[in-house]
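K.L.:
Would you mind keeping the following structure in view while I ask a few things?
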Amino acid sequence: MGLKLGSSRALGALVMATLSAGVAAQGRTLVAADYARAERFMPYATAPLVDHDVQRVKWLDDTHFWYRDHDAGGDRVMAMDTTTGKAAPVFDLAKLAAALGQASGKPMPADKLPSGFDFSVQKDGRYDITLAGKHYLCDLKGAGACTVKAKAKTGNEPGILSPDKTREAFIRDWNLWLRDVATGKETQLTTDGVKDFGYATDNAGWIHTKRAVLNWSPDSKRIATYQQDQRGVGEMYTVSTQVGHPVLDAWKYPLPGDQKVFMIEPVVIDVATRKVVRLKIAPQQRLSSLCDDISCSSDGHWDDLKWAPDSKTFAMVNSSRDRKQVWYRVADAATGAVRTAFDEKVATYYESGMDHANW
């Protein structure tokens, strides 16, 4: 499984703890210069010093994928042709940055990809760029220009687009719905979702959004997701400070020591028949082997789950609450049958790596 002990946060804590212990042994007080020296070894300071550390690999089609490449000259968006093994820049990042800056009204660095950057290629050759939660259509021929992509005049719920780009799935009233991209027609897929026991809900406690968390099958005919049980989980409250009346936000948030925590029941939904198949497995804790949430990025995908190319089965990883054991399982999408291919235990807490599906 190739699990990596610790994480970037653990590394930072280790650096600071080592610094404090060393200084304490010398019998002196830490000063700002000591912390500044230690900060130089934090991941965000050292990562830019590593050239050609391949990150954020994503498929464009059956034989091409793009990835971010970095060296002393800055970032580049590269595309690899798996049939030839050759890679080349997808586009001129400086031209794209200038076009996006003009369209968004905010300057974009010409040598660095911003966090959350994503793109797909349209049939007409334009690029559909995702940046800071917005979509831009960019034509980089000639001088290059980008325009803000208009949203469909339908509901406001954020959706997860199917691989064939014809439909998107979203949450409404604790149930999962479909929206036709071309017509805006909406179809309800599930009907038994209720408050605090809804489908595909994105509530990990420390983060809660209105987006759905799910994985479409490659043939766009099925959806793998879960029904999340947060009934009886304790509440968290925050109050925003602003001019005028403050706003109270309340949501479910389990704390260390709580007996009642988030549980999820994995399901497969057949889009055509709206049939919901529950996996033949006990409810699992909402945990990830990759980060603090089962969806580690802003795209709404369940990162510990991956469909097989034939859309008949998928693999999933489940973790124990103490983060000392993971189970690698394979599920049959039609029957819900599940088999454990293998499991792995470690003596100490682990994460297998932010953004790296090492399993």
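K.L.:
Determine if the range 203-210 includes at least one residue that is more than 20 Å from the chain's Cα centre (by Cα), modelled with pLDDT of 90 or more and open to solvent by less than 30 Å² (accessible area, probe 1.4 Å).
P.N.:
Checking the range 203-210: not a single residue is more than 20 Å from the chain's Cα centre (by Cα), modelled with pLDDT of 90 or more and open to solvent by less than 30 Å² (accessible area, probe 1.4 Å).
K.L.:
Going by the conditions given, is P283 more than 23 Å from K312 (Cβ to Cβ), open to solvent by 60 Å² or more (accessible area, probe 1.4 Å) and of a type outside the set (A, V, I, L, M)?
P.N.:
So P283 fits the description; yes.
K.L.:
Still on this structure, I have one more. Within the range 273-298, count every residue that is modelled with pLDDT under 95, aliphatic (A, V, I, L, M) and over 15 Å from A200 (Cβ atoms).
P.N.:
Residues flagged as modelled with pLDDT under 95, aliphatic (A, V, I, L, M) and over 15 Å from A200 (Cβ atoms) within the range 273-298 amount to 2.
K.L.:
Residue check: is A169 on the phi > 0 side of the Ramachandran plot and surrounded by 16 or more Cβ atoms within 10 Å (Cβ to Cβ)?
P.N.:
Taking the combined requirement at face value, the residue does not satisfy it.
K.L.:
Could you count how many residues in the range 131-151 are under 16 Å from W66 (Cβ atoms) and touching a residue at least 40 places away in the same chain (Cβ under 8 Å)?
P.N.:
Residues of the range 131-151 under 16 Å from W66 (Cβ atoms): 131, 138, 140.
Okay, now just the ones that are also touching a residue at least 40 places away in the same chain (Cβ under 8 Å), so 138, 140.
Number satisfying all stated conditions: 2.
K.L.:
Another question about this same structure. Return the residues of the range 87-139 that are closer than 20 Å to A150 by Cβ, in a loop (DSSP other than H, G, I, E, B) and either open to solvent by less than 60 Å² (accessible area, probe 1.4 Å) or not acidic (D, E) (or both); say none if nothing qualifies.
P.N.:
Result: G105, K106, Q122, K123, G125, R126, A132, G133.
K.L.:
Taking C146 as the residue in question, decide whether it is more than 25 Å from K306 (Cα to Cα), assigned to a strand (DSSP E or B) and in contact with a Lys or Arg (Cβ under 8 Å, 6 or more places away or on another chain).
P.N.:
no
K.L.:
May I ask you to list the residues in the range 248-269 that are of a type outside the set (K, R), surrounded by 14 or more Cβ atoms within 10 Å (Cβ to Cβ) and within 30 Å of T187 (Cα to Cα)?
P.N.:
W251, F262, M263, I264, E265, P266, V267, V268, I269
K.L.:
Would you be able to say whether some residue in the range 71-79 is within 30 Å of A200 (Cα to Cα) and either open to solvent by 70 Å² or more (accessible area, probe 1.4 Å) or of a type in the set (F, W, Y) (or both)? Steps first, answer last, please.
P.N.:
Residues of the range 71-79 that are within 30 Å of A200 (Cα to Cα), as a first pass: none.
So far as the range 71-79 goes, no, none of its residues is within 30 Å of A200 (Cα to Cα) and either open to solvent by 70 Å² or more (accessible area, probe 1.4 Å) or of a type in the set (F, W, Y) (or both).
K.L.:
Mind checking which pairs have a first residue in the range 158-169 that is within 14 Å of V213 (Cβ to Cβ) and a second that is part of a strand (DSSP E or B) and of a type in the set (G, A, S), Cβ under 7 Å, 6 or more apart or different chains?
P.N.:
G159/A169; I160/A169; I160/A212; A169/A212
K.L.:
Going through the range 28-57 one residue at a time, which ones are charged (D, E, K, R), closer than 19 Å to G116 by Cα and either assigned to a strand (DSSP E or B) or touching a Gly at 6+ places or on another chain (Cβ under 9 Å) (or both)?
P.N.:
Of the range 28-57, the ones charged (D, E, K, R) are 28, 34, 37, 39-40, 51, 53, 56.
Cutting the leftovers down to closer than 19 Å to G116 by Cα gives us 53, 56.
Within the range 28-57, R56 is the sole residue that qualifies.
K.L.:
Another question, if that's okay. Among the residues of the range 190-202, write down those that are surrounded by fewer than 22 Cβ atoms within 10 Å (Cβ to Cβ) and either touching a Pro at 6+ places or on another chain (Cβ under 9 Å) or not hydroxyl-bearing (S, T, Y) (or both).
P.N.:
D192, G193, V194, K195, D196, F197, D202
K.L.:
While we're looking at this one, here's another question. If you take the residues in the range 45-77 that are of a type outside the set (A, V, I, L, M, F, W, C) and touching a helix residue (DSSP H, G or I) at 6+ places or on another chain (Cβ under 8 Å), which one is farthest from I129 (Cα to Cα)? I'd like the intermediate steps shown before the answer.
P.N.:
So the first thing to find is which residues in the range 45-77 are of a type outside the set (A, V, I, L, M, F, W, C), and the list is 46, 48, 51-53, 55-56, 58, 61-64, 67-71, 73-76.
Within this subset, residues satisfying the condition of being touching a helix residue (DSSP H, G or I) at 6+ places or on another chain (Cβ under 8 Å) are 53, 70, 74-76.
Working: D53: 23, H70: 20, G74: 20, D75: 16, R76: 15 Å.
Across the range 45-77, the extreme among qualifying residues is D53.
K.L.:
Is there any pair with a first residue in the range 181-192 that is over 26 Å from K149 (Cα atoms) and a second that is open to solvent by 60 Å² or more (accessible area, probe 1.4 Å) and in a loop (DSSP other than H, G, I, E, B) whose Cβ atoms are under 6 Å apart and which are 6 or more apart or on different chains, and what are they?
P.N.:
Within 6 Å, the pairs are L189/R274.
K.L.:
Please state which one of S311, S297 is on the phi > 0 side of the Ramachandran plot and assigned to a loop (DSSP other than H, G, I, E, B). So that I can check it myself, show each step before the final result.
P.N.:
Working: S297 fails: on the phi > 0 side of the Ramachandran plot.
Residue meeting the stated conditions: S311.
K.L.:
Please enumerate the residues belonging to the range 58-70 that are under 20 Å from S115 (Cβ atoms) and open to solvent by 60 Å² or more (accessible area, probe 1.4 Å).
P.N.:
Selection gives K58 alone.
K.L.:
Could you please find all residues in the range 321-340 being within 20 Å of the chain's Cα centre (by Cα) and assigned to a loop (DSSP other than H, G, I, E, B)?
P.N.:
First pass over the range 321-340, keeping only residues within 20 Å of the chain's Cα centre (by Cα): 323, 326, 328.
Within the range 321-340, R323 is the sole residue that qualifies.
The values are calculated or read from the model by the stated rules, or taken from the named source; none is laboratory data. Small disclaimer: the values here were computed from a predicted structure and weren't measured. All Cβ positions, even for glycine, are placed from backbone atoms using ideal geometry, and neighbour counts span all protein chains on display. Surface accessibility is based on the protein's heavy atoms, side chains included, excluding ligands, DNA and RNA. Shrake-Rupley method; radii C 1.70, N 1.55, O 1.52, S 1.80 Å.
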